[in-house]
Each structure stands twice: as C-alpha cells, then as structure tokens.
Amino acid sequence: MTEPLRWRRILLKLSGEALMGSQPFGIDPAVVERISVEIADAVKLGAQVGVVVGGGNIFRGVAVAAKGGNRVTGDHMGMLATVMNSLTLADALRRRGVPARVLSAVPVPSICETFTQRGADRYMEDGDVIVFAGGTGNPFFTTDSGAALRAAEMQCDAFLKGTQVDGVYSEDPKINPDAERYTQLSFEEVIQRNLKVMDTTAIALARDNSIPIIVFSIHTPGALVDVLQQRGRYTLVSD
Ligand SMILES: Nc1ncnc2c1ncn2[C@@H]1O[C@H](COP(=O)(O)OP(=O)(O)OP(=O)(O)O)[C@@H](O)[C@H]1O
Ligand SMILES: O=c1ccn([C@@H]2O[C@H](COP(=O)(O)O)[C@@H](O)[C@H]2O)c(=O)[nH]1
C-alpha cells in the first residue's frame with residue numbers, strides 16, 4: 001500500500017549548482033532528467049508541486065559586484081539565469097508527460113508566462129507543475145527568498161530545499177566535515193545560530209507563515225518521495 005503524503009502542496013527549491021552535475025558550469029542534461037523523474041514520481045503520488053530553481057550554476061549577481069561591476073545588472077543577469085534553468089526543467093517534465101509551466105517574475109512574454117498568484121493557483125489545482133522563474137523579480141534577493149515568498153503566496157504545506165547537502169549542520173559541512181547534523185530545529189535556532197543553509201529573509205518568511213522547511217540532498221535517488229512520506233534523511237525546521 002502507498003504511504004500517505006505528509007505534505008500535499010509543496011514548494012521545491014532546487015540548488016542551481018546541483019544542475020551542473022560534475023561539470024564546472026551550466027546544465028548537465030542527465031541531472032535535469034533525473035530530477036524530473038523525482039518530481040514526476042511525487043506528482044503520481046498526488047503532490048501539487050511548485051518549483052524554484054537557483055541560478056548559481058550559471059550566474060550570481062555578487063560575482064559582478066565583487067569585481068567592481070554594477071550589482072543590479074549582475075542580479076538581473078542572475079534572475080535571467082534562473083529563467084534558463086526553469087525552461088530546461090519544464091521541458092524535461094513535459095517530455096515525461098507531466099504538464100509543466102514556467103511562470104516568471106521577470107516578464108519575458110515571448111518565452112514564458114508572467115507570474116500571477118491567481119494564475120499559478122489555478123494551474124496547481126489543475127495538477128500542473130509550476131516552475132517559478134526569476135526569483136522575486138527584484139535585485140538584492142536570492143532564489144531562497146523567492147521560494148519562501150512563492151510558498152507563502154501559494155499556501156504551500158511545506159518548503160522543501162533540495163540541495164547539495166543532506167540537512168542542516170552546526171557549520172557548513174563542506175568546510176567542516178566534522179560538523180554535527182540536526183534532524184530537527186526551530187526557525188529561531190536556525191536564525192540565532194546563524195546556520196547559513198539559506199538566507200535569513202527566507203527563513204523569517206517561512207516562520208512568519210508557519211511553513212515548515214525541509215532540507216535534504218537532491219543527489220540521493222528517491223529522496224523527494226522519501227521526504228514526502230517522512231522517510232529518509234533530512235532536517236525539519238519548524239515552529
Ligand atoms: N549550517 C549549514 N548546514 C548545511 N549547509 C550549509 C550550512 N552552512 C552553509 N551551508 C551550505 O549551504 C549550501 C546550500 O545552499 P545551495 O547550494 O542550495 O545554494 P543556493 O543558493 O540555494 O542555490 P544555488 O546553487 O543556485 O546558488 C550547501 O551546499 C552547504 O554547503
Ligand atoms: O529574487 C532574486 C533571486 C535571484 N537573484 C539573482 O539571481 C542569482 C541566482 O540566484 P541564487 O539564489 O543565488 O541561486 C542571485 O545570485 C542574484 O544575483 C535576484 O537578484 N533576485
């Protein structure tokens with residue numbers, strides 16, 4: 001018998017860097033295909049899925065600012081990078097028969113639809129996977145904040161962060177391999193201990209809207225369905 005889903009309407013945030021696979025930059029089609037299978041499996045089980053993909057595999061605005069360039073232009077380029085990632089993920093989903101739409105906070109009408117909350121809600125109710133592109137549509141934000149914003153607007157039951165690591169640690173585990181891994185934390189603990197798995201704006205938005213955050217590794221096959229059925233390895237951040 002199939003286990004029931006713990007969270008039905010979810011916002012899945014995918015690390016842009018995860019899409020690189022073993023490449024130093026850009027998109028590895030094999031990774032996109034694998035992730036699309038994971039999302040398709042979740043949809044088959046009855047999940048309503050909104051996705052936000054980061055842009056770190058292509059461009060980050062801070063990289064421009066660090067070299068003395070214009071941060072706002074850099075952020076515009078970063079947001080456009082998320083549109084590219086979103087287009088490729090939506091294509092992969094459609095190839096597997098999953099209806100998927102890209103809705104962008106940055107209007108690029110000849111390429112995809114512009115985000116409106118009402119439009120997105122209707123599509124999600126119809127069972128379409130929505131890939132929210134362009135972050136918040138504003139510079140000086142991140143796609144984690146964009147994802148938390150969409151999770152609140154779409155009244156999602158949970159914010160799932162599929163990333164490079166399998167949970168929240170006492171320190172960045174890529175820097176300190178001996179860091180302690182947590183299975184459960186409160187929003188306040190994440191903020192007060194400055195655990196930089198995502199930015200404070202995103203955590204505060206989730207906290208203020210009582211949306212639990214689940215951090216898990218997108219590299220573990222089957223991890224998305226496992227999380228939805230409360231199995232596997234993840235950290236739960238909640239009230
Ligand atoms: N306390 C911590 N616990 C877990 N991970 C942490 C922690 N502090 C820093 N990190 C790092 O945060 C990263 C998660 O961010 P991620 O790679 O998903 O970036 P992103 O900004 O969300 O996406 P993108 O790759 O598109 O920029 C992990 O890879 C991990 O190395
Ligand atoms: O709301 C937003 C979201 C993103 N950006 C820019 O895009 C890049 C890529 O996003 P990541 O979250 O780092 O993956 C980000 O560095 C910003 O430059 C933005 O301006 N506004």
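Test Asp178 against the stated conditions and say whether it is among the acidic types (Asp, Glu), touching a strand residue (DSSP E or B) at 6+ places or on another chain (Cβ under 8 Å) and either within 22 Å of Ala47 (Cα to Cα) or more than 9 Å from ligand 1 (Cβ to nearest atom) (or both). Here the answer is no, as Asp178 does not meet what is asked.
Under the condition of being away from ligand 2 (no atom under 16 Å from the Cβ) and surrounded by 23 or more Cβ atoms within 10 Å (Cβ to Cβ), the residues counted in the range 1-22 number 1.
Among the residues examined, Phe25 does not qualify as among the aromatic types (Phe, Trp, Tyr) and surrounded by 15 or more Cβ atoms within 10 Å (Cβ to Cβ). No other residue among Ala133, Ala65, Ala148 is in contact with a helix residue (DSSP H, G or I) (Cβ under 7 Å, 6 or more places away or on another chain), without any contact (Cβ under 8 Å) to a residue 12 or more places away in the chain and either within 16 Å of ligand 1 (Cβ to nearest atom) or not small (Gly, Ala, Ser) (or both) apart from Ala65. The numbered conditions (1) closer than 21 Å to Ala202 by Cα; (2) within 16 Å of ligand 2 (Cβ to nearest atom); (3) surrounded by 15 or more Cβ atoms within 10 Å (Cβ to Cβ); (4) at pLDDT 95 or above are all true for Val72 except (3).
Kindly establish whether Val83 is surrounded by 20 or more Cβ atoms within 10 Å (Cβ to Cβ), β-branched (Val, Ile, Thr) and either over 23 Å from Asp128 (Cα atoms) or modelled with pLDDT of 95 or more (or both). When the stated conditions are applied, Val83 passes them. What pairs come up if the first residue lies in the range 197-215 and is under 11 Å from Ala152 (Cβ atoms), the second is of a type in the set (Ser, Thr, Tyr) and within 16 Å of ligand 1 (Cβ to nearest atom), and their beta carbons are under 8 Å apart, counting only those six or more places apart or on different chains? Short answer, once both residue conditions are applied: Ala202/Thr142; Ala202/Ser145; Leu205/Ser145.
Go through the range 109-138 residue by residue and tally those that are among the β-branched types (Val, Ile, Thr) and surrounded by fewer than 16 Cβ atoms within 10 Å (Cβ to Cβ). Walk me through how you get there before you give the answer.
As a first pass, look at the range 109-138 and keep what is among the β-branched types (Val, Ile, Thr): 111, 114, 116, 129-131, 136.
Restricting the remaining residues to those that are surrounded by fewer than 16 Cβ atoms within 10 Å (Cβ to Cβ) gives 111, 114, 116.
The qualifying residues number 3.
For the range 107-125, a residue qualifies if it is assigned to a helix (DSSP H, G or I) and within 19 Å of the chain's Cα centre (by Cα), and the qualifying residues are Gln117, Ala120, Asp121, Tyr123, Met124.
Has the range 94-108 got any residue that is closer than 21 Å to Gly146 by Cα and free of Cβ contacts under 8 Å to residues at least 24 places away in the same chain?
Keep residues of the range 94-108 that are closer than 21 Å to Gly146 by Cα, which gives 100-108.
If we keep only those that are free of Cβ contacts under 8 Å to residues at least 24 places away in the same chain too, we end up with 107.
Yes.
In the range 168-184, the residues that are touching a residue at least 40 places away in the same chain (Cβ under 8 Å) form Cβ pairs under 6 Å with partners that are assigned to a loop (DSSP other than H, G, I, E, B) and within 16 Å of ligand 2 (Cβ to nearest atom), at six or more places apart or across chains, as follows: Val168/Val197.
The values are calculated or read from the model by the stated rules, or taken from the named source; none is laboratory data. None of the values given here were measured: they were computed from a predicted structure. All Cβ positions, glycine included, derive from the backbone under ideal geometry; neighbour counts span all protein chains shown.
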